[in-house]
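Input: a single structure, listed below in structure tokens.
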Ligand code: SF4
Ligand code: SF4
């Protein structure tokens, strides 16, 4: 069974003119978001993107953009309560649920 | 010019997990001593590696390290353990502790270029969000190869000449993957649940009660629905938002509790109380199901934020109204 999450929310962007078709993004994306077409990378299914940022970090030509973040409700609540950027920080107490 | 030659420090390890390794993982899964489950960062050897043996990189969370080395039997390899403060590869990559800088430093500290003659290192694909492969090669000279997502495919990856199939590159999130993640969530809820029971007990003492056995198991059932049942049944529950999925399962549970207590047949079990349960229980499940987004492997930050903007106010209002109804119901009966 395939998992599906909310549609049309990912902040992923690809600047096609900067892409050289090196294929790094395809290699690192854990959710098969990219496909190579005519020596350029294309986004085939943006809704599969989980905003992990792997493609952005590994694109040598800065052709990709995404707002990297953790998809973790607990982290976001903690962020709201403490007024900080949400991060996977629940690990230092026992009540965290992520990771 | 000062040429210092530091000693090469290599720690030997094996592919066999001992009983205490396995017991340790089990404890960590239940949230016991989870944050001290670490190994020393550095360079490890498995089997009898030489200068042409592959170098595999991992985190110093003991469970990450163990799950890698136990897949390496009959192989001769190096394991480079980064200092991620005892956090697994995936989370540490998101935080940046499993990152470009730590990798470059660690390569220098263990003097990797003196240990192997080749210039490639294998990084688990889940570490990619923290690592910038082209920067690593620029500063260390080592070329980054991204290995498979799962440690169990590492052997095949090496045998296939360092090539990962599309299958190996995709993150799955199987029913088993989800099940092993539920205990930590469950343990996490205990403290909070105890607080709630404390408050209910006080209300009982003050005579506002009666919160009884039904409330107790109704609540516990709702927690289980959100923390265990929803994650396990995840792809089969209709809808996309986690809170919504949890709410649906919780609703079924609430209906069950009401029918079981003779909703229509027993006049004492009033409509107000039944409605109260219908408002409270599904919301409790929804809240816990929503928290499972953090354990899942496919939710995005933007998505969770969008879901929470609707779910959090709805949950708060619904629980509040529900509790008011149940309290009002108790007053009427007094
Ligand atoms: S990594 Fe960047 S340059 Fe390479 S194919 Fe992907 S988008 Fe294009
Ligand atoms: S952010 Fe992550 S999931 Fe999204 S496209 Fe890039 S690598 Fe794939």
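Quick rundown of the values:
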| read-out | value |
| --- | --- |
| Those residues of region A:27-40 which are within 15 Å of the chain's Cα centre (by Cα) and more than 7 Å from ligand 1 (Cβ to nearest atom), in sequence order | A:27, A:28, A:29, A:30, A:31, A:32, A:33 |
| Near pairs, Cβ below 6 angstrom, 6+ apart or cross-chain, from region B:283-294 (within 14 Å of residue B:240 (Cβ to Cβ)) to any residue that is outside any helix (DSSP H, G or I) | B:293/A:71; B:293/A:72; B:293/B:299 |
| Residue ID - nearest to ligand 2 (Cβ to nearest atom), chosen from residues in region A:20-30 that are in a loop (DSSP other than H, G, I, E, B) and surrounded by fewer than 20 Cβ atoms within 10 Å (Cβ to Cβ) | A:23 |
| Options B:283, B:302; residue that is buried (at least 18 other Cβ atoms within 10 Å of the Cβ), outside the structural domain of residue B:29 (by TED's automatic domain parsing), part of a helix (DSSP H, G or I) and out of contact with any helix residue (DSSP H, G or I) (no Cβ under 6 Å at 6 or more places or on another chain) | B:302 |
| Test for residue B:147: is it more than 19 Å from residue B:78 (Cβ to Cβ) and more than 16 Å from ligand 1 (Cβ to nearest atom) | no |
| Long-range neighbours under 7 Å by Cβ, at least six apart or interchain, first residue farther than 23 Å from residue B:313 by Cβ and within 14 Å of chain A (Cβ to nearest Cβ) within region B:234-258, second in a helix (DSSP H, G or I) and modelled with pLDDT of 85 or more | B:234/B:245 |
| Residue match in region A:63-71 (condition: at the interface with chain B (Cβ under 7 Å from one of its Cβ atoms), within 15 Å of ligand 1 (Cβ to nearest atom) and at pLDDT below 90) | no |
| Residue that is surrounded by the fewest Cβ atoms within 10 Å (Cβ to Cβ) [pool: residues in region A:6-19 that are within 12 Å of ligand 2 (Cβ to nearest atom) and more than 8 Å from chain B (Cβ to nearest Cβ)] | A:13 |
| Residue list for region B:60-76, filter: surrounded by 22 or more Cβ atoms within 10 Å (Cβ to Cβ) and not in a helix (DSSP H, G or I) | B:60, B:61 |
| Residue match in region B:142-156 (condition: over 28 Å from the mean Cα position of the chain (by Cα) and modelled with pLDDT under 85) | no |
| Residues of region A:41-62 that turn out to be in a helix (DSSP H, G or I) and within 12 Å of ligand 1 (Cβ to nearest atom), as a count | 5 |
| Residue B:80 under 15 Å from residue B:131 (Cα atoms) and either assigned by TED's automatic domain parsing to the domain that holds residue B:130 or part of a loop (DSSP other than H, G, I, E, B) (or both) | yes |
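The values are calculated or read from the model by the stated rules, or taken from the named source; none is laboratory data. In this text, all values refer to a predicted model and were calculated from it rather than measured experimentally. Neighbour counts are summed over all protein chains in view; Cβ atoms, including those assigned to glycine, are modelled from backbone coordinates with ideal geometry.
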